[in-house]
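Scroll down for the structure; my scribbles are underneath it.
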């Protein structure tokens, strides 16, 4: 008898806990919906920061609320917090959603990535959106737009690389020109040195030539004295020759007479 009473008491406690839990769940659901409605009103009025706060409060009441998560991503997007919006939509895309909900999530993810100029992952997001909703014209348009932007980005990068290569080539050409100029300057310096040396040598030769000329030049008086000396020497020589002839002549006569 006491055992049955105990079992009945436990059963009552369980019912009571379930009732309390249900009341709490109902209260949390009510609070979640209240914050979502407040967030939606603020979003419509353009107060995206207040909308963000309300959606986060709704998530505090129910962290698995896909509706609060989706709306929060929109509030972050409108505040141009594209990285935060991207994280929100990426997290939401892993949730258990209907195809339409997944398509909308991937579409918004693509928009957030597009705003961050991350064109390749944006293209992939739009493709995922179309896999879940193939007839969405907005997603098709955004996909083509992202492809054009990716092509333009690649072209700009290619042009940038070409300009960088041209700058590098110009630097190399400048270095080669500098080396060539240095060689030319060295040759010119050597040529100037040789020319200066030659000019100095010619100058020295010119300075020596007048000195040699001065040594050769004599006065008129010196020339006359030298000429007179030559004449005197010539007379002496002729006289000596004449005397020798006389001596020889006497000998010849002596021999002849004997």
I need the full set of residues from the stretch 94-120 which are assigned to a helix (DSSP H, G or I) and surrounded by fewer than 17 Cβ atoms within 10 Å (Cβ to Cβ), in order please.
99, 100, 115, 120
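Could you say whether any residue in the stretch 157-164 is modelled with pLDDT of 80 or more, surrounded by 10 or more Cβ atoms within 10 Å (Cβ to Cβ), under 30 Å from residue 114 (Cα atoms) and in contact with a helix residue (DSSP H, G or I) (Cβ under 7 Å, 6 or more places away or on another chain)?
no
Regarding the stretch 62-71, can at least one residue be identified that is out of contact with any helix residue (DSSP H, G or I) (no Cβ under 7 Å at 6 or more places or on another chain), closer than 23 Å to residue 37 by Cα and not in a helix (DSSP H, G or I)? Quick ask: steps written out before the conclusion?
Taking the stretch 62-71 first, the residues out of contact with any helix residue (DSSP H, G or I) (no Cβ under 7 Å at 6 or more places or on another chain) are 63-64.
Cutting the leftovers down to closer than 23 Å to residue 37 by Cα gives us 63-64.
This time we only want the ones that are not in a helix (DSSP H, G or I), so: 63-64.
Yes, the stretch 62-71 contains at least one residue that is out of contact with any helix residue (DSSP H, G or I) (no Cβ under 7 Å at 6 or more places or on another chain), closer than 23 Å to residue 37 by Cα and not in a helix (DSSP H, G or I).
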Exception for residue 30 within (1) surrounded by fewer than 19 Cβ atoms within 10 Å (Cβ to Cβ); (2) touching a residue at least 12 places away in the same chain (Cβ under 8 Å) falls at (2)
Every residue from the stretch 132-144 that is touching a residue at least 24 places away in the same chain (Cβ under 8 Å) and part of a helix (DSSP H, G or I):
132, 138, 139, 142, 143
Report whether or not residue 205 is modelled with pLDDT under 80, part of a helix (DSSP H, G or I) and under 17 Å from the mean Cα position of the chain (by Cα).
no
Positions within the stretch 56-81 being surrounded by fewer than 17 Cβ atoms within 10 Å (Cβ to Cβ) and within 17 Å of residue 45 (Cβ to Cβ), in sequence order
78, 79
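The values are calculated or read from the model by the stated rules, or taken from the named source; none is laboratory data. From a predicted model like this one, the values you see are computed outputs, not experimental measurements. Glycine gets a Cβ as well: all are built from the backbone with ideal geometry, and neighbour counts include every protein chain shown.
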